[in-house]
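Q: Could you have a look at this structure, given as structure tokens, before my questions?
The values are calculated or read from the model by the stated rules, or taken from the named source; none is laboratory data. Only a predicted model underlies this, so the values are computations on that prediction, with no experimental measurement involved. We place every Cβ from the backbone using ideal geometry, glycine too, and count neighbours over all the protein chains shown.
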Amino acid sequence: MAPVRNACIIFNEIPLGYPEPGKTVVYDSSQTIDPDTVRVLSIDPYMRGRMRDPSITSYTPAFDLGKPLDNFGVGLVVRSENPSVKVGQHLYGFYAFQEYSVFKDLSELRRARVLENREDLPWSVYVGVCGMPGQTAFYAWNEFAIVHGHSPLGQDDVVFVTAGAGPVGSTVIQLAKQAGCKVIASAGSEEKIAFLKSIGTDVAFNYKTEKTLDILQREGPINIYWDNVGGESLEAALDAAAPHARFIMCGMITSYNTADDYPVKNLSQIFAKSLTLYGFTVSPLHDKYSDRFYNEVPQMVKEGKIKFTEDVSRGLESTGEAILDVQKGRNKGKKVILVAEK
């Protein structure tokens, strides 16, 4: 097969604040390859943390300057010399942000999985609600909200979810509603508030126009706090928490693009109210829950029991703006880069 263009997105410069399209990451169409795979790629908030000096340690490795970005995606197999992988199959895994890749072994894809997609869902769903963001919600909800000796959840439990319109938050909301909980959720636009209401959120509010603490004091106290943002929302949740509440710490996007974290001033509430904080990343929970996730969640999506929204950008060249949109909360649903219409 003749070599073809293999455009990619290069990590070019470590940003000091928000990543800048065309500067932090650049589009390079000069490379060619003897092709193997095309794909849809995921844009996730945690990618900002990988745009750092590699000497700074974290739970994920830093991007390499001068090399393509990488993240979760879905690839279409167009050639295979591996008997376990057939041409025409779709593979979930960790891909470079380029049009084609060659892998010597499936282990190189990290969490590689042949997607059966018996539900006939759009392939982009497998980097969203049926991919890592959905896994994040499903794994941690089952690990920290339901078990560990706590009583079963029910209608008397109040759950507060920040960044509720995102793929993680919206999945958590729907799992909480299926458990019978009252759900409070915040988002940053009226369009997102409408989506929160459409998936059953009991109290949906715009944190830009309403004070989070006022809402929680009126509608709480809260028994479970799912934190995607940190900062003032975390501070408000600590004040409005019921005794023995559980805090599931998933992310803190308010601090990703600033030099200093918001100084939460009421951490004494943790011991005063006997609160339990669970910090987690999705990878350590993967082996425990992945099979159950793929057996249950795609079917729930097909049946409409878990609803989702997507914000699709077409072409690798749109990656820079897509990353910035996610960091600033301008995306309207799960942000996806559609590399090829397959």
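Q: Would you check which residues across region 200-235 are within 23 Å of the chain's Cα centre (by Cα), hydroxyl-bearing (Ser, Thr, Tyr) and assigned to a loop (DSSP other than H, G, I, E, B) and list them?
A: Result: Thr201, Tyr207.
Q: Within the set of pairs 6+ apart or on separate chains, which have a first residue in region 1-20 that is outside any loop (DSSP other than H, G, I, E, B), a second that is at pLDDT below 90 and not hydroxyl-bearing (Ser, Thr, Tyr), and C-beta atoms under 6 Å apart?
A: Listed pairs, sorted by first residue: Val4/Pro35.
Q: State whether one or more residues within region 35-45 are surrounded by 13 or more Cβ atoms within 10 Å (Cβ to Cβ), in the same structural domain as Leu324 (by TED's automatic domain parsing) and in a helix (DSSP H, G or I).
A: Scanning region 35-45 turns up at least one residue that is surrounded by 13 or more Cβ atoms within 10 Å (Cβ to Cβ), in the same structural domain as Leu324 (by TED's automatic domain parsing) and in a helix (DSSP H, G or I).
Q: Is one or more of the residues making up region 50-58 at pLDDT 95 or above, outside any loop (DSSP other than H, G, I, E, B) and either over 30 Å from Thr254 (Cβ atoms) or not polar (S, T, N, Q) (or both)?
A: Yes: one or more hits.
Q: A follow-up question, please. Hand me the list of strands (runs of 3 or more DSSP E) wholly inside region 236-342 holding 1 or more residues that are assigned by TED's automatic domain parsing to the domain that holds Phe11.
A: 310-314, 334-338
Q: A further question on this structure: Between a first residue in region 220-240 that is at positive phi and a second residue that is at pLDDT below 95 and part of a helix (DSSP H, G or I), which pairs have beta carbons less than 7 Å apart while being 6 or more apart in sequence or on different chains?
A: Listed by first residue and then by second, the contacts come to Gly230/Thr254; Gly230/Ser255; Gly231/Thr254; Gly231/Ser255.
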